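Engineer: Pasting a structure below so you can have a look.
The values are calculated or read from the model by the stated rules, or taken from the named source; none is laboratory data. Since this is a predicted model, take the numbers as computed values, not measurements. Don't worry about glycine lacking a Cβ; one is built from the backbone with ideal geometry, like all the others, and counts go over all protein chains shown. Note: areas computed on protein heavy atoms with side chains; ligands, DNA, RNA excluded. Shrake-Rupley method; radii C 1.70, N 1.55, O 1.52, S 1.80 Å.
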Amino acid sequence: MTDETQHGEASFAARARPGIRGLRAYDPGHDLVTLRRRFGDALVELGSNENPWGPSPAAREAVLRQLDMLHRYPDPLGAGLKRALGERHGVDASQVLLGNGSHELLMQLAQVFAGPGDEVVYPRYGFAVFALAAQAVGATLRVADALPLDAAMPLGHDLDALLDAIGPATRLVYLASPNNPTGTWFDGQALAGFLARVPEHVIVVLDEAYAELADAPDYASGTGLLPRHPNLVITRTFSKAYGLAGLRCGYLLAAPGLVAVMERLRESFNVNGPALAACEAALADVDHLQQVRDWNARERAALAEALSARGWRVLPSQTNFLLVEFGAAGAVEAALVAAGVVLRPMAGYGLPGFLRITVGTADENRRLLAALDAVAA
Ligand SMILES: *Cc1c(COP(=O)(O)O)cnc(C)c1O
């Protein structure tokens, strides 16, 4: 059925709230279900920044123990996981809010704090969900220009430009460190200086989805700044370093009052029982997390070097992916998919010459490089 019919998408879009009319559904990249069927185990999935080594074995065991409880609702408060997260981050459990992935929390923050007539500020090349969240609630979007490609932190967030974009109508600022898809990050001084200059009426959402993977001496999480800035919100996820993307669990850290207001909108039982149990177990397994950090750092460096050696420009990254300039990225990407290697095209981000490559296992990275060499030949 086409859009022109009475029951088509255009007809319903006309009836949707103004913010929804201009939205496009989140683009998850390729049709992985079909590709998995076609390539089986030979498929190399490096498009979604998943952890190729998987979660802690303790998380898997925790899920298995939950299988006899599937007829019961989970703990509506997620109290055990919140307590553990509070202890991990040195905050009170009342400062923790759980989400069905941090994507849900990023959307909810806009729902709670912004609407038509309000402005939401975010950086160019910032995580795609920032724009989606702001647009969905009908807020006015203010995009701050990114740092140039020849900056020390290529395509990174320009904190001065973000500050300049803030006005009296600004309700929210979104930014990420490390950021997806650029891989860029901030040091503690830059972050503290930025927060000191943001007016108190503006809520700053700092997305730290890759924080556990950052190991540069000049990287700093914003968690230490929470006591000084009640307008700061930090989002984290179990989808990346913890390897639990399939279970959908993320969280935010903020002032207790902000969390209490967010709780009003939270859907009951938004985080399921197996996820609560697995995340608590994963959090406790600090050795596994350290192992993942080590493996990722090693493979990230090796992959960056191998790609650079082939003449492609690799941007600095503190995450589990690399943003790489290929020039004819579209053709390279299409040839790789045909060979069973999935990467993420960046045209949707306004970076048509780039591809985003998730750091895989040593074997996956080898297969990627072999496929790239075959394409180049
Ligand atoms: C992957 C990612 C998320 C998290 O997603 P979940 O919904 O928690 O799986 C959030 N922010 C950024 C920047 C990401 O790359």
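Engineer: Hey, among Thr358, Thr319, which residue is over 23 Å from Ala152 (Cβ atoms) and either polar (S, T, N, Q) or assigned by TED's automatic domain parsing to the domain that holds Pro217 (or both)?
Structural biologist: Thr358 is the lone residue from the list that is over 23 Å from Ala152 (Cβ atoms) and either polar (S, T, N, Q) or assigned by TED's automatic domain parsing to the domain that holds Pro217 (or both).
Engineer: Within the range 36-45, can one find any residue that is within 12 Å of the ligand (Cβ to nearest atom), under 18 Å from the mean Cα position of the chain (by Cα) and either modelled with pLDDT of 95 or more or over 30 Å from Arg367 (Cα atoms) (or both)?
Structural biologist: No, every residue in the range 36-45 fails to be within 12 Å of the ligand (Cβ to nearest atom), under 18 Å from the mean Cα position of the chain (by Cα) and either modelled with pLDDT of 95 or more or over 30 Å from Arg367 (Cα atoms) (or both).
So that you can scan it fast, the table gives a plain yes or no per residue for (1) surrounded by fewer than 16 Cβ atoms within 10 Å (Cβ to Cβ); (2) touching a Lys or Arg at 6+ places or on another chain (Cβ under 6 Å):
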{"residue": "Ser11", "(1), (2)": "yes, no"}
{"residue": "Arg21", "(1), (2)": "yes, no"}
{"residue": "Val33", "(1), (2)": "yes, no"}
{"residue": "Gly47", "(1), (2)": "no, yes"}
{"residue": "Ala59", "(1), (2)": "no, no"}
{"residue": "Gly90", "(1), (2)": "yes, no"}
{"residue": "Ser94", "(1), (2)": "yes, no"}
{"residue": "Ser102", "(1), (2)": "no, no"}
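Here is a yes/no grid of residues against (1) of a type in the set (D, E, K, R); (2) modelled with pLDDT of 95 or more; (3) more than 16 Å from the ligand (Cβ to nearest atom); (4) buried (at least 17 other Cβ atoms within 10 Å of the Cβ):
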site	(1), (2), (3), (4)
Pro55	no, yes, no, yes
Ala62	no, yes, yes, yes
Arg72	yes, yes, yes, no
Ala84	no, yes, yes, yes
Leu97	no, yes, no, yes
Ala134	no, yes, no, yes
Ala139	no, yes, yes, yes
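Engineer: Something else: Taking the options Val91, Val33, name whichever one is under 30 Å from Leu372 (Cβ atoms) and not acidic (Asp, Glu).
Structural biologist: On the way: Val91 fails: under 30 Å from Leu372 (Cβ atoms).
None of the others qualify; the one that does is Val33.
Engineer: I'd like to know if the range 112-131 contains one or more residues that are without any contact (Cβ under 8 Å) to a residue 12 or more places away in the chain, loosely packed, with under 14 Cβ neighbours inside 10 Å and more than 12 Å from the ligand (Cβ to nearest atom).
Structural biologist: No, the range 112-131 contains no residue that is without any contact (Cβ under 8 Å) to a residue 12 or more places away in the chain, loosely packed, with under 14 Cβ neighbours inside 10 Å and more than 12 Å from the ligand (Cβ to nearest atom).
Engineer: Take Arg24 and decide whether it is in a helix (DSSP H, G or I), among the basic types (Lys, Arg) and away from the ligand (no atom under 16 Å from the Cβ).
Structural biologist: Against the criterion (in a helix (DSSP H, G or I), among the basic types (Lys, Arg) and away from the ligand (no atom under 16 Å from the Cβ)), Arg24 does not qualify.
Engineer: Tally time: how many residues in the range 228-248 are in contact with a Gly (Cβ under 7 Å, 6 or more places away or on another chain), closer than 21 Å to Pro181 by Cα and of a type outside the set (Phe, Trp, Tyr)?
Structural biologist: Count: 7.
Engineer: Take the range 204-227 and flag every residue that is more than 18 Å from Pro181 (Cα to Cα) and in contact with a strand residue (DSSP E or B) (Cβ under 7 Å, 6 or more places away or on another chain).
Structural biologist: The answer is Val204, Gly222, Thr223, Leu225, Leu226.
Engineer: Then there's this: Among the residues of the range 195-222, which ones are within 16 Å of the ligand (Cβ to nearest atom) and open to solvent by 20 Å² or more (accessible area, probe 1.4 Å)?
Structural biologist: Tyr219, Ser221
Engineer: Among the residues of the range 350-377 satisfying the criterion of being open to solvent by less than 60 Å² (accessible area, probe 1.4 Å) and farther than 18 Å from Glu299 by Cα, which is modelled with the lowest pLDDT?
Structural biologist: Per the stated criteria, the residue is Val375.
Engineer: To continue, here is another question. Does the range 8-66 hold any residues that are of a type in the set (Val, Ile, Thr) and not assigned by TED's automatic domain parsing to the domain that holds Arg248, and which are they?
Structural biologist: Selection gives Ile20, Val33, Thr34, Val44.
Engineer: Do you know which residues across the range 157-174 are surrounded by fewer than 24 Cβ atoms within 10 Å (Cβ to Cβ) and either outside the structural domain of Phe127 (by TED's automatic domain parsing) or closer than 27 Å to Arg300 by Cα (or both)?
Structural biologist: Passing the criteria: Asp158, Leu159.
Engineer: Now for a different question. Pairs please, first residue from the range 94-108 and of a type in the set (Gly, Ala, Ser), second anywhere and open to solvent by 10 Å² or more (accessible area, probe 1.4 Å) and near the ligand (Cβ under 8 Å from one of its atoms), Cβ atoms under 6 Å, 6+ apart in sequence or on different chains.
Structural biologist: The qualifying pairs are Gly101/Arg248.
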